[in-house]
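Have a look at the structure below, then the notes.
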Number of protein chains: 2
Amino acid sequence: MIETKNIAARRETKTLQVASSISKMKEIAESLRRQNLTIGFVPTMGCLHGGHLRLIKKSLEFCDRTVVSIFVNPTQFGRDEDLDSYPRQLEDDIEKLEATAADILFHPGAEEMYPQNYKTHVQVQDISEYLCGKNRDGFFIGVATVVLKLFNIVRPHRAFFGEKDWQQLAVIEAMVEDLNLDVAVVRVPLVREPDGLAMSSRNRYLSPQQRQTALSLSRSLREARDNIRRGTTSAKVISDAIQRCLLEKEGCEIDYIAICDPESFRAKEQIRGRTLIAIAAKVGVARLIDNCIVEENECSE
Amino acid sequence: MIETKNIAARRETKTLQVASSISKMKEIAESLRRQNLTIGFVPTMGCLHGGHLRLIKKSLEFCDRTVVSIFVNPTQFGRDEDLDSYPRQLEDDIEKLEATAADILFHPGAEEMYPQNYKTHVQVQDISEYLCGKNRDGFFIGVATVVLKLFNIVRPHRAFFGEKDWQQLAVIEAMVEDLNLDVAVVRVPLVREPDGLAMSSRNRYLSPQQRQTALSLSRSLREARDNIRRGTTSAKVISDAIQRCLLEKEGCEIDYIAICDPESFRAKEQIRGRTLIAIAAKVGVARLIDNCIVEENECSE
């Protein structure tokens, strides 16, 4: 059932179908399933950028129909975080979706997704407790719960997630396996701006000066990779160098620098075998993350 | 698609299909779905009794195919509870299932349902915190999680649960609604032995003498109903009378007597409108529960 589609040809003839209620989306999913069409799914919080478009392209390539959801999920924001100011620009997003050949936009309201009497939460233990889970209370409960709800509504055969959110991917993969879901989770590599900054909807919070500071995240990872390539194996040495790089320019508040196993997220003292280097830092109001995978004496992003 | 089946005729021609692995069960479910057959599901922990058989009968009546699962779910037993001694009698159960016209038995192993690296749990907040959730730490997390897993594997159109586990039913209904699952949860009334004891796999723990003591649960509920019919509206008066009845014979250790709203489980001081009276008590090693629904000046079980 996997075959590469002629995306350009589809773009000519298609219009974007919009489902703004759960029942409408379920109806569409049921109809696609009945026609034996494979459903690809790209869940987003909107404010679409090149990273999202890469996910959509992958889905178009591998699936008969592609559903993109736009839902700024309130339950994955902490109390002091940017839920209210998180960028929303539905019309602009719809234009971008129409320019791709995405088939269906699902954008439910928060009241329908979380009605007043809402009670159910999904927790993926252990891996949720490291890195982004450590300082963001309930973050991965919010992520796992909304993704499960979206899976149940959209009923995708394949769901596409970016490796920028490496830990989120691990949480979702564990949930899918543990709960016996029939969804193939597809990993898509992180996409960078030409200057190296990892693409993120939150990049638009950055002033030109803050953007210069923000570049230290990707630069510190490049340097770490180079150092490991040159033979450094001590995680402490690498971590200290990343820290120096991040603090070189003013205005970068480090949340964490993690050098760890890419699956269990347990810290490593020595960089042996496949290793994840992950950073989270605040530049102005923008919380930014970036990561790369390195191997001893060899790296790949 | 709902039509009453001729169960007797089906019994003649059918053999019970047994799936003891998740992949086998998923294959069967996929095949039934492809044939547009409706799947009815009765999840059990085995040691089948008349209450289970009533659920199966209901499923046979309303669905094209009926799946019964037998899985003694380790995650819903507390540390000091009877997981190891919980009665298991698969051969006997299979005979009983063959005597009904159930189509498929799913009995997975605990290692396959909860492999070593298992991490994901589902919590239904609020209603899980009352009654049976109060003194049984993690009980409803175990129930909700396994039921969600079973739903994802068996993919039923309808799932049948007994009202003996009234609170469990409320937890599952909330989960199904919150997680946008496409399963109709069907409530089936509690079934009693001729002497009034609510049917339970744990009844076999009772010695003849303990069974006499255990009968005070159903008797106390009957008396409560009579008192309410005669005009008593004070929950305290009713609760005190139930307590006296339970403690009349030796060997009954009360866990709780709850007089509450049947949906929110919040305690009522006055019995007005639809009210749940629920009891849990230990007689010997058997933890027993029973309940009834009453209305002001009118009762139904």
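The values are calculated or read from the model by the stated rules, or taken from the named source; none is laboratory data. These numbers come from a predicted model, not from an experiment. Cβ: placed from backbone, ideal geometry, glycine included. Neighbour counts: every protein chain shown. Only protein heavy atoms, including side chains, enter the accessible area calculation; ligands, DNA and RNA are left aside. Shrake-Rupley method; radii C 1.70, N 1.55, O 1.52, S 1.80 Å.
Which residues, counting only those in the stretch A:106-128, are more than 10 Å from chain B (Cβ to nearest Cβ) and within 18 Å of the chain's Cα centre (by Cα)? Result: A:106, A:107.
Residues of the stretch A:254-271 that are touching a Ser or Thr at 6+ places or on another chain (Cβ under 9 Å), surrounded by 15 or more Cβ atoms within 10 Å (Cβ to Cβ) and outside any loop (DSSP other than H, G, I, E, B): A:257, A:258, A:259, A:260. Looking across the stretch B:172-187, the residues that are touching a residue at least 40 places away in the same chain (Cβ under 8 Å), in a helix (DSSP H, G or I) and either more than 23 Å from residue B:66 (Cα to Cα) or open to solvent by 20 Å² or more (accessible area, probe 1.4 Å) (or both) come down to B:174, B:178.
Looking only at residues in the stretch A:145-166 that are away from every other protein chain (no Cβ under 14 Å) and among the charged types (D, E, K, R), the one that is nearest to residue A:26 (Cα to Cα) is A:158.
Screening A:142, A:196 for residues that are more than 14 Å from every other protein chain (Cβ to nearest Cβ) and at pLDDT 95 or above leaves exactly one candidate, A:196.
Selection of first residues in the stretch B:237-254 that are more than 19 Å from residue B:203 (Cβ to Cβ) and of second residues that are outside any helix (DSSP H, G or I) and among the polar types (S, T, N, Q), restricted to Cβ pairs under 7 Å at least 6 apart or on distinct chains, gives the following pairs, ordered by first then second residue: B:238/B:232. What number goes with the only condition from (1) in contact with an Asp or Glu (Cβ under 7 Å, 6 or more places away or on another chain); (2) closer than 30 Å to residue B:122 by Cα that residue A:216 does not pass? All conditions pass for residue A:216, except number (2).
For the structure I just gave you, tell me whether residue A:190 is outside any loop (DSSP other than H, G, I, E, B) and either under 24 Å from residue A:246 (Cα atoms) or more than 14 Å from chain B (Cβ to nearest Cβ) (or both). Against the criterion (outside any loop (DSSP other than H, G, I, E, B) and either under 24 Å from residue A:246 (Cα atoms) or more than 14 Å from chain B (Cβ to nearest Cβ) (or both)), residue A:190 does not qualify.
Conditions tested, residue by residue: (1) surrounded by fewer than 22 Cβ atoms within 10 Å (Cβ to Cβ); (2) more than 17 Å from the chain's Cα centre (by Cα).
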{"site": "B:15", "(1), (2)": "yes, yes"}
{"site": "B:19", "(1), (2)": "yes, yes"}
{"site": "B:25", "(1), (2)": "no, yes"}
{"site": "B:34", "(1), (2)": "yes, yes"}
{"site": "B:40", "(1), (2)": "no, no"}
{"site": "B:57", "(1), (2)": "yes, no"}
{"site": "B:68", "(1), (2)": "no, no"}
{"site": "B:77", "(1), (2)": "yes, no"}
{"site": "B:80", "(1), (2)": "yes, yes"}
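Within the stretch B:272-288, take every residue that is more than 21 Å from residue B:227 (Cβ to Cβ) and assigned to a strand (DSSP E or B) and give me the one that is most open to solvent (accessible area, probe 1.4 Å). Out of the qualifying residues, it is B:282.
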